[in-house]
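In what follows, a structure is listed as structure tokens, so that the remarks can point back to it.
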Ligand SMILES: Cc1ncc(C[n+]2csc(CCOP(=O)(O)OP(=O)(O)O)c2C)c(N)n1
């Protein structure tokens with residue numbers, strides 16, 4: 001008979017797990033040993049947080065749960081931030097931790113923490129394996145919970161004495177079936193079509209649910225059939241091509257932005273696959289005067305500023321296909337001048353040669369180097385705001401931004417996971433200097449496994465976003481500065497390559513060379529963050545072009 005650990009690994013294989021990101025420990029010895037005889041690749045990382053972020057981004061890009069593993073106590077607590085990030089960003093993730101034997105869980109005991117309760121508020125399902133025979137049910141339930149809409153986290157704590165125990169009966173992994181999404185009710189489809197037919201200035205807000213439901217093409221068709229402009233959240237970048245005449249680009253900046261003018265004008269907002277965690281309704285619906293049509297696979301979260309006219313729950317593509325032919329096109333929403341203003345904003349700094357480099361110019365040049373299918377992973381900070389506003393995307397899952405939990409440190413491990421999930425695509429992370437240092441140890445992991453990608457660091461020796469907030473609120477800032485290592489030498493110390501961009505016009509050739517180098521490459525870019533407050537002032541004085 002196999003041990004519970006061996007059965008556990010068979011169950012993970014049965015779920016189609018390709019990689020487990022993690023760090024071995026004393027209390028997961030049996031699982032680690034069972035993995036030696038498995039097709040699953042264990043990726044030994046340098047910090048459990050790195051492992052969790054890798055699983056997070058792998059899950060988000062593939063729709064299959066990313067798996068991370070740690071030992072008990074401190075190993076498990078190190079998983080928490082990346083795991084919570086996946087859970088709140090609705091990325092499927094399964095976290096596994098070793099645990100002390102069941103004979104010592106009830107008392108003060110070395111490295112013992114109640115892990116099930118620790119992970120409960122940051123997961124959809126959190127459990128202990130207390131009997132070897134329960135392994136197939138627990139693994140199946142964990143993956144089902146993690147991968148079913150809305151996706152999120154499942155956590156399994158595996159006590160060491162259970163892991164090493166033999167299973168007493170012949171028991172197999174459970175059959176994996178993918179649940180079908182239900183069809184939207186006809187009455188709701190009709191109601192939605194009626195509300196849209198009466199709208200004078202309808203606008204669509206697309207969220208990450210459209211990416212998860214692979215409904216991007218259906219969204220494009222729907223918008224075209226009804227001639228309705230589309231804005232999307234940070235996490236839905238690319239779900240509607242920016243080059244499309246109906247695109248208004250990205251919404252979600254907490255401050256006002258140009259695209260908000262479209263929302264001011266709208267009388268009906270059609271929220272499709274929209275997750276409230278990204279863009280609080282009070283920011284775009286302060287007067288509670290618009291009709292909201294909610295189209296998603298899940299019922300809407302309750303919020304005083306998100307009171308529905310109609311909610312259509314069911315497969316998103318099917319809902320859109322059914323609503324469109326029933327709706328009359330009355331839209332008078334000419335977004336021409338608004339769209340022109342948004343595009344001008346993106347192009348304005350195309351030839352700005354000042355140094356340090358303005359965020360606008362960095363992103364303009366980056367987009368020139370990166371083709372539509374390449375993947376950009378953003379870290380979290382002021383750079384993320386600029387990426388969200390100015391990085392144009394044509395396809396979903398080509399610009400990954402964490403905007404639910406929004407944790408710093410996701411960029412570098414996220415890039416490793418993206419390259420593993422899509423080895424044929426070029427991958428870059430743009431990160432602040434602070435976020436970079438939070439998980440820079442994973443450069444060693446990438447070098448060891450020969451995973452090439454580019455790390456562009458926006459170097460300002462400050463917690464830039466926090467300085468921006470302080471300046472905006474108090475007109476002064478403090479406790480936000482630090483010193484950086486020499487990033488070129490730092491790269492070289494790992495055997496990676498480092499470049500420092502000394503002139504603005506060198507950025508494009510440096511990035512092209514970095515991709516050609518086909519290894520881990522740091523590109524150190526001095527950024528001009530005086531643009532942050534200039535943007536705040538400009539948006540504060542914004543006069544809507546429509
Ligand atoms: C783990 C974590 N700690 C703190 C924060 C709060 N926070 C958000 S952005 C930021 C500063 C980021 O600085 P940096 O990485 O240099 O990027 P920049 O803002 O300069 O572009 C901080 C401290 C966070 N989101 N996540």
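What follows is calculated from the coordinates using simple rules that are stated; it is not laboratory data. It should be emphasised that the depicted structure is a prediction, and the values quoted were computed from it without experimental measurement. Positions of Cβ are backbone-derived with ideal geometry, glycine not excepted, and every protein chain shown enters the neighbour counts.
Remark: relative contact order (the chain) = 13 percent; criterion is Cα-Cα distance under 8 angstrom and separation of 6 or more residues. From helices alone, the chain scores -11500 deg cm²/dmol at 222 nm; the rule is -39500 (n - 2.57) for each run of n ≥ 4 DSSP H residues, then divide by the residue total. The spacing between segment 260-293 and segment 479-514, judged by their C-alpha centroids, is 41 Å.
Determine the shape class of segment 75-233: with a ≥ b ≥ c the square roots of the Cα gyration tensor eigenvalues, call it rounded for a/c under 1.5, and otherwise prolate if a/b is greater than b/c, oblate otherwise. Taking the square roots of the gyration eigenvalues as a ≥ b ≥ c, segment 75-233 is prolate. Panel order for 447, 88, by other beta carbons found within 10 Å of each beta carbon, from fewest to most: 447, 88.
Peptides 48-55, 339-346 ordered by packing proxy, namely the average of other Cβ atoms within 10 Å per residue, highest first: 48-55, 339-346. Eigenvalues of the alpha-carbon gyration tensor of segment 314-425, scaled by 5 and square-rooted, set the equivalent ellipsoid semi-axes at 30, 23, 13 angstrom, largest first.
Annotation: extensible slack from residue 1 through residue 483 equals 167.8 nm (criterion: 0.36 nm per residue apart, minus Cα-Cα distance).
Quick one: go through segment 1-17 and flag any residue whose amide nitrogen is under 18 Å from the point 7 Å out along the Cα-to-Cβ line of residue 101. What the label zone holds, given the 18 Å backbone N cut-off, is 3-5. Short-range pairs are left out: with C-alpha atoms under 8 Å and at least six residues apart, the relative contact order of segment 1-128 is 23 percent. Each part gets one Cα centre, and for segment 110-147 versus segment 310-378 those centres are 40 Å apart. Counting other Cβ atoms within 10 Å as a rough exposure proxy, the listed residues 106, 469, 282 run 106, 282, 469 from fewest neighbours to most. Take every pair of alpha-carbon atoms less than 8 Å apart whose residues are at least six positions apart; their mean separation over the length of segment 308-451 yields a relative contact order of 21 percent. Taking a ≥ b ≥ c as the square roots of the eigenvalues of the Cα gyration tensor of segment 345-492, is the shape rounded (a/c under 1.5), prolate (a/b larger than b/c) or oblate? Verdict is oblate for segment 345-492.
Legend: calculated FRET efficiency, residue 169 to residue 41, from the Cβ-Cβ distance at R0 = 25 Å, rounded to 0.05, equals 0.25. Exposure proxy for 10, 500: other Cβ atoms within 10 Å of each Cβ, ordered fewest to most, give 500, 10.
By definition, a body whose alpha carbon gyration tensor gives a ≥ b ≥ c is oblate when a/c is 1.5 or more and a/b is not larger than b/c, and segment 295-339 fits this oblate description. Across all Cα pairs in the chain, the calculated P(r) in 20 Å bins from zero up to the longest distance comes to 22, 51, 26, 2 percent per bin.
Taking the DSSP beta bridges with both ends in the chain, the antiparallel portion is around 5 percent.
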